[in-house]
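*Asks:* Following this message is one structure expressed as structure tokens.
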Amino acid sequence: MSLSYNRHKRLVEIIQANGEVRIRDLMQRFNISEETARRDIKRLEQDGLVARVHGGAVATQQPKLLAISSRAVSERAEKSTIAEIALGLLKPGQNLFFGGGSTILSLASRISALPEMRVVTNMVDTAIAAAEGHRHRVVMLGGDFNVDFRTVSGFTALRTLREQQIDVAFIGVNAVHPNGVFDHEQVGQELAATLCEQARKIVILADHSKFGLSARYRILPHSAITAIITDRRPASDMLDKIEAAGVEVLYPQNRHNPALVST
């Protein structure tokens, strides 16, 4: 395990405890240069775990959500791999939907330098990340706010979503099963049903640990999904079942399909 990984993990723990960290404190605590300290903070900001401020960084998440941030650091490679593949599906002028979750947030954190797009989202942190650089128009859904996940849901959110025309919707899930994709919360089911009506394409972002699992609510059958992006090739039996339903599965060895980019 690399020194930088351990340092980043410890940095998240410090922010979890204190709510902020200063550059000078990082330099002294870890015996690193100012350049390295700033690079660490920038990397964690890309993962949606901190927000840079003058002289340091502050937490972007409430304490309950910060409790999972150490796990987010350990899964950084997987999320980065998925996000980089997803970038290949984006085109200038698209209308996008970004759902909640740290993998979607990782994607949103990477679009600031891309040509103008329109992003609709139900997650506060994703809206902030997508707006970075002031290139993209960002639409934040209204509704009932969940402080744990920093997302909105409910009648108002769904009503606003029904007013949108979405080219590609990117959503995260808790489980990828041979019978579809599943979530622990019913609100995910309601959101996905609305996206089936409003989005031309639905793309699932899920790391390899989600495959073969199930959860309480099936939010979509595979027949409603355009593509699933993951960080490694799924087991052959799982892959065969998903592809038989017409879903394109993208992973590092199979990361580009021109047909998915066309509108």
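Laboratory data are not the source of any read-out in this text; all were calculated from the coordinates shown. Remember, predicted model here, so these are calculated numbers, not experimental data. FYI the Cβ positions are ideal-geometry reconstructions off the backbone, even for glycines, and counts take in every protein chain you see.
*Asks:* For the pairs K91/K201; K79/K241; K9/K79; K9/K42; K42/K201, note any where the Cα-Cα span goes beyond 20 Å.
*Replies:* Check vs 20 Å cut-off fails for K79/K241; K42/K201.
*Asks:* What trypsin sites (Lys or Arg not before Pro) does region 164-246 have in DSSP loop regions with at most 16 other beta carbons within 10 Å?
*Replies:* Sparse-neighbourhood loop trypsin sites (Lys or Arg not before Pro): R216, R232.
*Asks:* What value does region 152-245 have for Rg/Rh, both radii from Cα atoms and Rh as Kirkwood defines it?
*Replies:* Value, to two decimals: 0.97.
*Asks:* Would you mind getting me the FRET efficiency between S214 and Q165? Use the beta-carbon distance for r and R0 = 41 Å, nearest 0.05.
*Replies:* Values: r = 32 Å, r/R0 = 0.79.
For R0 = 41 Å, the calculated efficiency reads 0.80.
*Asks:* For the chain, what class follows from the C-alpha gyration tensor (a ≥ b ≥ c being the square roots of its eigenvalues): rounded when a/c is under 1.5, otherwise prolate if a/b is larger than b/c, else oblate?
*Replies:* Values: a/c = 1.74, a/b = 1.50, b/c = 1.16.
Judged from the Cα gyration tensor, the chain comes out prolate (a/c at least 1.5, a/b above b/c).
*Asks:* Further question on the same structure: Between C196 and D237, what length in nm is gained on full extension when 0.36 nm per residue of separation is reduced by their alpha carbon distance?
*Replies:* Length gained between C196 and D237: 12.1 nm.
*Asks:* Given a Förster radius of 45 Å and the C-beta distance between S223 and D144 as r, what FRET efficiency does 1/(1 + (r/R0)^6) yield to the nearest 0.05?
*Replies:* The formula returns an efficiency of 0.90 here.
*Asks:* Shifting gears a bit: Calculate for the chain the 222 nm mean residue ellipticity that helices alone would give, adding -39,500 (n - 2.57) per DSSP H run of length 4 or more and normalising by residue count, nearest 500 deg cm²/dmol.
*Replies:* Theoretical 222 nm ellipticity from helices: -11500 deg cm²/dmol.
*Asks:* Please give the charge dipole size of the chain, origin at the Cα centre, charges +1 on K and R Cβ atoms and -1 on D and E Cβ atoms. Round to the nearest 20 debye.
*Replies:* That gives a dipole near 480 debye.
*Asks:* May I ask for the distance between the Cα centers of region 80-96 and region 22-46, given as a whole number of Å?
*Replies:* 29 Å
*Asks:* Describe numerically, in nm with one decimal, the distance between label points set 7 Å from Cα along Cα→Cβ at D25 and at E13.
*Replies:* Placing both labels 7 Å along Cα→Cβ, they lie 1.5 nm apart.
*Asks:* Set Lys and Arg Cβ to +1 and Asp and Glu Cβ to -1, take the dipole of the chain about its Cα centre, and tell me which of H8, Q94, G154 lies farthest positive.
*Replies:* H8
*Asks:* Right, another one. Counting only GluC sites (Glu not before Pro) that sit in a DSSP loop (anything but H, G, I, E, B) with at most 12 other Cβ atoms within 10 Å, what is the longest stretch of the chain containing none of them?
*Replies:* 1-115
*Asks:* Ok, one more. Given a Förster distance of 25 Å, report the FRET efficiency between N179 and R255 from their Cβ-Cβ distance, rounded to the nearest 0.05.
*Replies:* Plugging the Cβ-Cβ distance into 1/(1 + (r/R0)^6) gives 0.45.
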